[in-house]
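As structure tokens, the structure follows; a few thoughts come after it.
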Amino acid sequence: MMNNDFEFIVNELRKAPEVALFSHVSPDGDCMGSMLALGLALKKMGKTVYLFNPDLVPHNLDFLPGADLVRNILPDPLPQTLCFVDCTDLRRVNLKISQFSKDAVIINIDHHISNQRFGMLNCVQSDASATGEIIMALIKELGVPFDQEIATDLYTAIVTDTGSFQFSNTTPKTHRLAADLLESGIDLLQIHHRIFDQKPLAQIELLSRALKGLKLYAEGKLSVMTLNKNDFVETGAHDSLSEGLINNARSIEGVEVAVLFKEIEERIIKVGFRSNLWFDVNALASKFGGGGHKRAAGCTMEVPLGEARKLVIKAIEEELSLGRGY
């Protein structure tokens, strides 16, 4: 169930003349689609809307309606109403609470179980398949019709975070909401083609390097891929092009946990976790200052790549040794 702040958020967005929307670093389909859908809905209500992401819009998402409005420079001055979409905490936007005025109304809309409830108003629904589900309900409550542009953004949010409705977070409600969006006249073929079928050569080269170094641990229950900084430099691939590569490690027969290490700088390592049936990777990621979902999570470690690998692999092996009932 949504918490009591949902109606307060609706009221705040209704009365605010200006709203700044924020989405997380290394943007994926859910954070980008959700932010864009809400942004377009607010614009239809006559609001002045600012869309912010610290990074560039990924290549496979730049077709989304409203993507050309996203900026990676904060508006100056910031409006009073600030809405964070799909962000577990402010670090996911490279921001700190001290950067906002004391009278700022901070809205936090998310579906991650690890969300820190950092907003003045929080709507965190961890049983939603995607933040897009919550944004869809919010737009309905605001009374804005789902035109083809808004529906395209929302469908992208849901289809990407459910892995085309394959992941365990997919529910009957998810399919019903997707059906509603299909009835808005979205171009299903075009959306799937752009998101899943069109990959830059640099992304394929990055995958090749990740697979070449893939190793199995814990009697084949743990698969690990590693990308160092040179892999990104030599392939010309941006970090966003590593999105989804970890699923190749997760799909190996017998694997329960998959990990992707990415060396962003010498002592800045992004770690992605995925699991198949029972391993709680959110609990694991929280041990290293991160979080996410039970089957998909991540963290950032400020240690050398080799040390990050040793610490994480040891922690996973220990928990795998305890088995499913630990």
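The values are calculated or read from the model by the stated rules, or taken from the named source; none is laboratory data. On a predicted model such as this, the values are computed, not experimentally measured, just so you know. Every residue, glycine among them, receives a Cβ derived from its backbone with ideal geometry; neighbour counts consider all protein chains shown. With ligands, DNA and RNA removed, areas are computed over all heavy atoms of the protein, side chains included. Shrake-Rupley method; radii C 1.70, N 1.55, O 1.52, S 1.80 Å.
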Is there a residue being out of contact with any helix residue (DSSP H, G or I) (no Cβ under 7 Å at 6 or more places or on another chain), buried (at least 17 other Cβ atoms within 10 Å of the Cβ) and modelled with pLDDT under 95 anywhere in the range 247-254?
no
Among L42, L51, L90, L69, which is hydrophobic (A, V, I, L, M, F, W, C) and either within 20 Å of N115 (Cα to Cα) or at pLDDT below 95 (or both)?
L90
Given the conditions (1) open to solvent by 10 Å² or more (accessible area, probe 1.4 Å); (2) touching a helix residue (DSSP H, G or I) at 6+ places or on another chain (Cβ under 7 Å); (3) closer than 27 Å to A297 by Cα, which single one is not true for D62?
(2)
Kindly evaluate K270 against the criterion of being crowded, with 20+ Cβ neighbours inside 10 Å, in contact (Cβ under 8 Å) with a residue 60 or more places away in the chain and closer than 26 Å to L90 by Cβ.
yes
Read through the list (1) out of contact with any Phe, Trp or Tyr (no Cβ under 7 Å at 6 or more places or on another chain); (2) open to solvent by 40 Å² or more (accessible area, probe 1.4 Å); (3) outside any strand (DSSP E or B), then give the number of the only condition that I264 fails.
(3)
I'd like to know if the range 183-201 contains one or more residues that are of a type in the set (G, A, S), at pLDDT 95 or above and surrounded by fewer than 14 Cβ atoms within 10 Å (Cβ to Cβ).
no
Take A297 and tell me if it is assigned to a strand (DSSP E or B), touching a helix residue (DSSP H, G or I) at 6+ places or on another chain (Cβ under 8 Å) and either surrounded by 17 or more Cβ atoms within 10 Å (Cβ to Cβ) or of a type outside the set (S, T, Y) (or both).
yes
Can you pull out the residues in the range 4-34 that are within 21 Å of A297 (Cβ to Cβ) and either over 21 Å from the mean Cα position of the chain (by Cα) or in a helix (DSSP H, G or I) (or both)?
G29, D30, C31, M32, G33, S34
Scope the range 169-216; condition assigned to a loop (DSSP other than H, G, I, E, B), of a type in the set (G, A, S) and more than 28 Å from V255 (Cβ to Cβ); matching residues:
S184, G185
